[in-house]
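Structure first, commentary second.
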Amino acid sequence: MASGVVSEWLRQPGDHVRMGDGLLVVETEKVESEIPAPRDGWVLELRAGRGDTVPVGGILAILEDREAEPGGPPAESRPATAGAAATEPPAPGIRACAAPCAAGSAPSGFVTPVVRALAAQHGIDLAAAGIRGSGHGGRVTKRDLLAWIEGRPAASRQADPEPRTSAGEPLREVPPAGDEAPGDAEVERVPLGTLRRRIAEHMRRSVDTAAHVTTVYEVDLTALDAAREARKEAFRRENGAPLTLTVLFLHALARALRRHPELNVSLEGDDAVFHRRIHVAVATALDRALVTPVIHDADRLSPAGLAARLHDLVTRARSGRLTLGDLQGGTFTLTNTGRTGAILGTPIISQPQVAILHAGALRDVVAVTGPGAFAVRKKAFLSLSFDHRWLDGADADRFLDTLRGLLEQTPWEEVIR
C-alpha cells in the first residue's frame, strides 16, 4: 500500500472523538477500511477532502488533545495520518458486538449519512433491526446493511429498490424516443466510483505493460464432477464449507504450478522474480466490482483446507470485511466464470504476475469415445492468458497439458475427504 483515497468523512470540524471511534473511510486498491481516531480529542481541521488521494504517512486531519470545547486555551494538536489504522493498537474498552446489535450502538453512537439514507430508502428502522455491525465498536457500515437487506426473507422485503451505479447514484431506465418530458436531457453523466477507477487503471496498465497472448485447452471433468457430486453433502457436513469446482481447480492448479515454476513468476523491471511459495489469487465478483483475495501456500493445503480458506475469503469479500493482507502476495490468479455460464474468456493479467487462468462453464458434450462410439461427457475450456515477454506458447501449452492431466487423471474419490 502506497496511498489511499478518502471515501467518506465520519466526523467534521468541531466534533469530539474518542480513541477508536470511526474518523473516516479510506479506499485502497479494492479494499475499504474505516480509520479510527488515534486518540481522544476535537477535530480541528480536515486536510484531505472526499476523493483525495493521500500517501501513507500523509496528514488527514488535525485533532486537538483536550476535553474543553474548541476556542479555549491553546493546546497541543496532533495530526491523524494515513496508515494509522495499521500501526495503532485497538483502543481498550472498544467493544465488538458478540450478539446482533442495533445501528448506532457503538460507543460513539454514530451512523453515517450513507447508512441512514440507505435505511430510509428500504424503510428499515436501524434501532430495531438488530444488525450486526462490522465497523469499529460495532458500528453498522453500508456493507453490513446491504448484506442484511439481501438476507431478509423475501416476504419482508419492500419492492426492489431502484438500480444504482457503482458511484451510488440512481440509474434510470432510458425512455423510448419521443416520451421524454420537457427539459429532460438525452444523456445522464455519472462519475465512476473510486473503486471502478482503480480497477480501470490497473487493467489499462496491464494491457499497456504485458504482451498478452491466450491459449485454450478443453478438459474432460466427468470423473472429477462425479466424485464431487458423490461427496459434496458429506464434505460440507464434515468440513463446514462447500466442495465447489473451484476448490478442485485450485488443488490441481497449485500442483501444476509446483511442476512449472516458470509460471509462478513476477516481472519486475528487467528481472524475473521466481516465487518459491505458491499464493493463488481467486477473482471474486462483487456488485459492480471484482476483488482477488489470495489463498497463501495453496499447494500445502488439502481440498478441505482449500475449501475452508476459499469459503472464508469469499464470505468476507461479499460482506466488505477483507483486509489488505487478504489481497496481498498473489503469485498467480484463477478466475472462474462458470457459474455465470461463460464458456470461454481471455482475462487480463494481474501485474506483475505473468499469467492468469480462466475456467469456463462445465458443459454436457457429446464426445467420440472410440471407433463409432459416442458418449455424453462433462467438459470445460481452460484459457491461459500469459505475458509473451516472459513465456512462449510452448511454455503455456506444457503447463496446460500438465493441468489437464491432473484434472482428468487424479483419483478424486481418494483425494476428496
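The values are calculated or read from the model by the stated rules, or taken from the named source; none is laboratory data. The structure displayed is predicted, hence computed values, not measured ones. In this analysis, Cβ positions are derived from the backbone assuming ideal geometry, glycine residues included, and neighbour counts consider all displayed protein chains.
Kindly indicate whether GLU67 is at pLDDT 50 or above and surrounded by 14 or more Cβ atoms within 10 Å (Cβ to Cβ). Quick ask: steps written out before the conclusion?
Values: at pLDDT 50 or above: yes; surrounded by 14 or more Cβ atoms within 10 Å (Cβ to Cβ): no.
Against the criterion (at pLDDT 50 or above and surrounded by 14 or more Cβ atoms within 10 Å (Cβ to Cβ)), GLU67 does not qualify.
Considering region 291-308 alone, what residues qualify as being buried (at least 16 other Cβ atoms within 10 Å of the Cβ), within 21 Å of SER350 (Cα to Cα) and of a type outside the set (S, T, N, Q)?
VAL291, PRO293, VAL294, ILE295, HIS296, ALA298, ASP299
Filter region 355-398 for residues that are of a type in the set (S, T, N, Q) and surrounded by fewer than 19 Cβ atoms within 10 Å (Cβ to Cβ) and give the result.
Within region 355-398, just THR369 meets the criteria.
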List every residue pair whose Cβ atoms sit under 9 Å apart, with the two residues 6 or more apart in sequence or on different chains, where the first one lies in region 352-370 and is of a type in the set (Asp, Glu) and the second, anywhere, is in a strand (DSSP E or B). ASP364/VAL376; ASP364/ARG377; ASP364/LYS378; ASP364/LYS379
Is it the case that ALA367 is in the same structural domain as ALA256 (by TED's automatic domain parsing) and not in a strand (DSSP E or B)? no
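I'm trying to understand the selection: among the residues of region 135-147, which are more than 12 Å from VAL115 (Cβ to Cβ) and at pLDDT 70 or above?
As a first pass, look at region 135-147 and keep what is more than 12 Å from VAL115 (Cβ to Cβ): 136-138, 147.
Within region 135-147, just ALA147 meets the criteria.
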Does ALA373 fit the bill of being within 17 Å of GLY345 (Cβ to Cβ) and aliphatic (A, V, I, L, M)? no
Go through region 211-235 and give me each residue that's assigned to a helix (DSSP H, G or I), surrounded by 17 or more Cβ atoms within 10 Å (Cβ to Cβ) and either outside the structural domain of ALA396 (by TED's automatic domain parsing) or among the aliphatic types (A, V, I, L, M) (or both). ALA223, LEU224, ALA227
Residue under question is ILE348, and the condition is that it be in a loop (DSSP other than H, G, I, E, B), surrounded by 14 or more Cβ atoms within 10 Å (Cβ to Cβ), hydrophobic (A, V, I, L, M, F, W, C) and under 17 Å from the mean Cα position of the chain (by Cα); does it hold? yes
